[in-house]
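Working notes, beginning with the structure itself.
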Amino acid sequence: MRALTKEVSCGAWLMMSCKSLIAVVDYIYGAVYVILMNERGLNAFEISTVFAVSTMLLFLFDFPTGAISDKYGRKKVAGIGIIVWGLSFFFFLRAYSLLDFLVAQAVLQAGIALVSGNFQTWFFDLTEKYEEASFRDAFLMKVGVVVQIFSIVGSLLGAMILVVGIDTLYVGCAILMIATGILCVLIGEDNHSAQGEGKNLITHFLAVTKEFVRSPVAHRIIPFEFVMAFSTYAFILGWQLYVLNVLHIPKYQIGAILVGFMVALLAGRQLGVLPKKRQWTLEAMIVFACVIMAAGFAVLFLIPRFAFFLTGAILVELGLGLYYSAQEIWLLTKIPSQNKASFFSGLKTLEEIFIFGLSLCIGAIAQWIGLRYLWLVALVLMMAGWGYFRLVLYSKPPTVQRQTNGLDI
């Protein structure tokens, strides 16, 4: 087996380092963010307002930043996004009112949108250029495993709030992010879309938007992505309420359960790395992930007991980890190479809009028919998604495994 080129080796190191650091910082932020708002005097309604506005800001920023990345360089824009993300921590440290936190959220979501999807699309095209696709798929799955490990580290570091305080944690996060962003801009080879050359940004954005809206690839993928989003967020939003209100488990056990779920998710991602040695296709992994998640939802619905809840929930997390491991790479092989960042951001934007309404829909289902039947709805949709993927999106190897033009689904 020949050695990797210098450019791909440098790119792999840069991507692993940046995504791992982002995972740590993101989970530190998530661990103490609500505590910070509460300490600064925001009430429950104001905190929920900040969360709602942050969701809206992300899907407003996400798609335009994909076009910016395709035009000016994906790695460069990702590095700038990391810097902006780091600067947002200083805005949070100076936030004492609802308006202050909304401004800080605007800066944060702009940074996240600039980073979102760019490392994957940049590294994908870099490996295509240097003909290292066989290394790429296994490496991207390993990145998912490592990032999940660093997410757990970030959650544990968030507990240091009791020792060092929020201000110290956030200043440390800001410095690390800004330094990493600068290195990301300066190190390694970049790539961008040739279609953006000779066009101003608005013209390029309108062109890729038109291409995305008319894309038969997007039309086929979106229904499956929506079904998976519903089942995933039904579990994420519903399991704590189910444990507390249906199974009547004490609140102090929630933390231990959450850690167990993170370990199961990590194991699922690791499960995605192992099948590559047995030449499983990405499509086969996604199908198997759907089956595992469906089995988990079936156990959750059929037997409302704590032991069976843990069994079903672990199956869902295992399937979700395997799905995350394969889905992102599979998606990148399907979308057009010239505007990967724009298409990736477009799909994420639609998913975020869907999730925004989905939160209300899931709450209504839980309120009207009960949390237990939420698992039944998720099970039915998961099986529908499995059938749709098998009939519409599943490809026979090896014809699609290495394709990048996205025209042969």
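When the residues 6, 19, 129 are ordered by accessible surface, computed with a 1.4 Å probe over the protein chains alone, the sequence from largest down reads 6, 129, 19. What shape does the stretch 203-318 have by the C-alpha gyration tensor, where a ≥ b ≥ c are the square roots of the eigenvalues, rounded means a/c under 1.5, and otherwise prolate means a/b greater than b/c and oblate the rest? In terms of gyration-tensor shape, prolate.
Accessible-area rank, largest first, for 5, 232, 203: 203, 5, 232, with all protein chains present and a 1.4 angstrom probe.
In the full protein context, the stretch 213-276 carries 45 Å² of accessible surface per residue, based on a 1.4 Å probe and ignoring ligands, DNA and RNA. What shape does the stretch 48-115 have by the C-alpha gyration tensor, where a ≥ b ≥ c are the square roots of the eigenvalues, rounded means a/c under 1.5, and otherwise prolate means a/b greater than b/c and oblate the rest? Oblate, since a/c reaches 1.5 and b/c is not below a/b.
Once the 1.4 Å probe is applied to the protein heavy atoms, the stretch 64-176 comes out at 37 Å² accessible per residue.
Around the Cα centre of the stretch 10-93, unit charges on the Cβ atoms of Lys, Arg, Asp and Glu (plus for the first two, minus for the last two) sum to a dipole of about 380 debye. Take residue 10: with every protein chain present and a 1.4 Å probe, its accessible area is about 40 Å². Annotation: peptides 303-316, 71-84, ranked by per-residue average of other Cβ atoms within 10 Å with the highest first, follow the order 71-84, 303-316. For the pair residue 45 and residue 244, a Förster radius of 30 Å applied to the C-beta separation gives a FRET efficiency near 0.90, rounded to the nearest 0.05.
Each Lys and Arg Cβ is given +1 and each Asp and Glu Cβ -1; about its Cα centre, the chain then shows a dipole of about 740 debye. Looking at the stretch 9-63, the accessible area is 43 square angstrom per residue; that uses a 1.4 Å probe and ignores ligands, DNA and RNA. On the stretch 93-196, 71 percent of the accessible area sits on carbon and sulfur atoms, based on a 1.4 Å probe. Take the convex hull of the alpha carbons in the stretch 71-146; its mean projected area over all directions comes to 6.3 nm². Overall, the anisotropy analysis places the stretch 80-227 in the prolate class: the square-rooted eigenvalues a ≥ b ≥ c of its C-alpha gyration tensor yield a/c not less than 1.5, with a/b exceeding b/c. When the alpha carbon gyration tensor of the chain is reduced to an equivalent ellipsoid, its three semi-axes come out at 31, 28, 21 angstrom, largest first. Compared with the direct C-alpha span, the chain from residue 60 to residue 206 gains 51.0 nm at full extension, assuming 0.36 nm per residue.
For residue 186 and residue 305, the difference between the fully extended length at 0.36 nm per residue and the C-alpha to C-alpha distance is 37.4 nm.
The values are calculated or read from the model by the stated rules, or taken from the named source; none is laboratory data. Not measured: the values here are computed from a predicted model. Every residue, glycine among them, receives a Cβ derived from its backbone with ideal geometry; neighbour counts consider all protein chains shown. To get the accessible areas, we keep the full protein, side chains included, count just its heavy atoms, and leave off ligands, DNA and RNA. Shrake-Rupley method; radii C 1.70, N 1.55, O 1.52, S 1.80 Å.
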